[in-house]
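J.: Before we start, here is the structure in question, set down as structure tokens.
The values are calculated or read from the model by the stated rules, or taken from the named source; none is laboratory data. Remember, predicted model here, so these are calculated numbers, not experimental data. Please note: Cβ atoms are built from the backbone with ideal geometry, for glycine as well, and neighbour counts cover all protein chains shown. What goes into the accessible areas is simple: the full protein's heavy atoms, side chains included, and nothing from ligands, DNA or RNA. Shrake-Rupley method; radii C 1.70, N 1.55, O 1.52, S 1.80 Å.
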Amino acid sequence: MSVYTPVTADDLAAWLTRYALGALSAFEPIAAGIENTNYFLTAARGRYVLTLYERLPSEELPFYLNLMAHLARCGVMAPAPEPDRTGALWSFLNGKPAGLVARLEGAPVEHPDAAHCAAVGEALGRLHLAAKQYRGRLTNRRGPGWWRQAARAVRPLLSAEQNALVASELKYQAGFAKTKLPRGAVHGDLFCDNVLFLDGRVSGIIDFGFAATDALAYDLAITVNDWCVPREADATSALDPERVSALVGAYAAVRPLTFEERALWGPLLRAAALRLWLSRLYDIHLPRQGELTHAHDPAAFEHILRHRVAHEPRFPDL
């Protein structure tokens with residue numbers, strides 16, 4: 001949600017003639033995030049988020065936009081895409097595919113407690129259940145193939161010890177390449193900043209830019225690795241058992257996990273940590289140029305991966 005492609009008032013006015021939104025009253029860039037260009041937009045008919053998709057090929061957009069529309073229809077708190085006058089969910093703006101989605105109420109929590117984690121676990125379980133009825137399919141563009149590519153790209157920028165950790169974990173994860181786990185559409189990035197809360201309940205799940213078809217339990221592991229670790233700068237990367245039990249327990253009450261998913265819980269947490277570490281290394285060392293950009297510190301997920309390797313967690317007793 002950085003600004004890589006600036007949009008002027010004149011650019012926007014011309015593009016918005018496609019829509020029946022009424023008079024525009026506010027328009028401002030969103031600085032947080034790293035993947036796409038985003039703006040908040042307020043018009044007579046409501047509040048929206050304008051997204052210019054910087055990396056996604058236009059042929060892949062229907063997967064993301066139709067997934068959000070499907071989830072919103074199913075009662076999941078996902079932002080519904082706004083169709084233009086022709087019914088299209090996207091069109092080109094300043095050379096980039098762009099679309100509008102509803103701006104949801106609420107705000108992220110910076111320091112989640114067990115109650116927040118339980119609410120997120122339930123929301124993710126409901127998202128996965130609803131996604132089972134979604135027919136779209138898309139290979140995860142940040143899956144194992146990308147892990148290897150990113151590792152090669154950042155290798156010259158890492159220490160020998162860091163490169164040894166990456167190589168060892170890639171080899172370890174290759175051993176699970178043929179494992180069959182329940183799959184479907186996943187969010188792929190359900191971090192604290194991508195969930196909105198209002199009056200103690202989940203009011204929005206946002207930023208579907210990493211959604212794909214993948215293992216559902218892997219999506220759960222990505223979520224746990226962010227929601228259930230300490231936030232203090234000097235804290236360890238150990239999982240908080242109370243928050244893990246709350247999140248995974250609430251999820252499992254909606255979608256019970258299989259024996260195989262429970263047995264592979266440790267490797268899934270390690271895979272999720274590896275992917276996020278490599279993603280952050282790639283984004284910080286090989287950044288794209290933009291007017292207003294934001295990148296996350298990769299060190300946090302290096303520490304998380306090292307801890308998961310040294311103390312591989314078992315599935316919590318629920």
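J.: In whole percent, how big is the carbon plus sulfur part of the accessible area of segment 88-146, probe 1.4 Å, protein atoms only?
T.: Carbon and sulfur: 54 percent of the exposed surface of segment 88-146.
J.: Once both labels are modelled 7 Å past Cα along the beta-carbon direction, what's the GLU242-ALA164 spacing in nm?
T.: About 3.8 nm, to one decimal.
J.: Please list, in order along segment 113-130, the HN-Hα scalar couplings obtained from phi with the Karplus expression 6.51 cos²θ - 1.76 cosθ + 1.60 (θ = phi - 60°), rounded to whole Hz, x for Gly and Pro.
T.: With coefficients 6.51, -1.76 and 1.60, one gets 9, 4, 5, 4, 5, 4, 5, 5, x, 5, 5, 5, x, 5, 4, 5, 4, 5 Hz.
J.: Can you tell me the 0 to 90 degree angle between the C-alpha axis of helix 61-73 and the longest principal axis of the chain, rounded to 10?
T.: 90 degrees
J.: Go through SER245, SER168, SER25 and list them by solvent-accessible area, largest first, probe radius 1.4 Å. Each step should come with its number before you reach the end.
T.: Working: SER245 50, SER168 70, SER25 90 Å².
Sorted descending by solvent-accessible area, the residues read SER25, SER168, SER245.
J.: For the chain, take the convex hull of the Cα atoms, compute a quarter of its surface area, and give me that in nm², please.
T.: For the chain, the mean projected area of the Cα convex hull comes to 16.1 nm².
J.: Tell me the accessible surface of GLU260 in square angstrom (1.4 angstrom probe, heavy atoms of protein chains only), to the nearest ten.
T.: It works out to around 90 Å².
J.: Could I ask something else about it? Out of segment 28-121, which trypsin sites (Lys or Arg not before Pro) are coil in DSSP terms and have no more than 14 other C-beta atoms within 10 Å?
T.: Loop-located and lightly packed - ARG45, ARG55, ARG85.
J.: Rg and Dmax of segment 69-172, Cα atoms, in Å?
T.: When restricted to the Cα atoms of segment 69-172, Rg and Dmax are 19.7, 56 Å.
J.: Using the alpha-carbon atoms, what tilt in degrees (0 to 90, nearest 10) does helix 299-310 show relative to the longest principal axis of the chain?
T.: Approximately 30 degrees, to the nearest ten.
J.: Separation between the THR8 and LEU24 pseudo-spin-labels, each 7 Å from Cα along Cα→Cβ, expressed in nm?
T.: 1.2 nm
J.: Ok, one more. Per residue of segment 206-217, in order, report the coupling 6.51 cos²θ - 1.76 cosθ + 1.60 (Karplus, θ = phi - 60°) as ³J(HN,Hα) in whole Hz, putting x for Gly and Pro.
T.: After applying 6.51 cos²θ - 1.76 cosθ + 1.60, I find 10, 6, 8, x, 10, 4, 6, 8, 7, 5, 5, 5 Hz.
J.: With every protein chain present, what accessible area does ASP10 have (1.4 Å probe, heavy atoms only), rounded to the nearest 10 Å²?
T.: The value for ASP10 is about 120 Å².
J.: I would also like to ask the following. Long-range amide H contacts for GLU54: which residues qualify at under 5 Å (H placed 1.01 Å from N, peptide plane, sequence gap of 5 or more or a different chain)?
T.: THR37
J.: Next question. How many Å² of accessible area per residue for the chain, probe 1.4 Å?
T.: Result: 45 Å² per residue.
J.: Hey, what angle do you get for helix 265-285 against the long axis of the chain, alpha-carbon based, 0 to 90 degrees rounded to 10?
T.: 50 degrees
J.: Give the carbon-plus-sulfur fraction of the accessible surface of segment 148-307 in %, rounded to a whole number; probe 1.4 Å, heavy atoms of protein chains only.
T.: Result for segment 148-307: 55 percent of the exposed heavy-atom area is carbon or sulfur.
J.: Continuing with this model, one more query. Sequence gap at least 6, Cα distance under 8 Å: using those rules, report the relative contact order of segment 1-80 to the nearest whole percent.
T.: 24 percent
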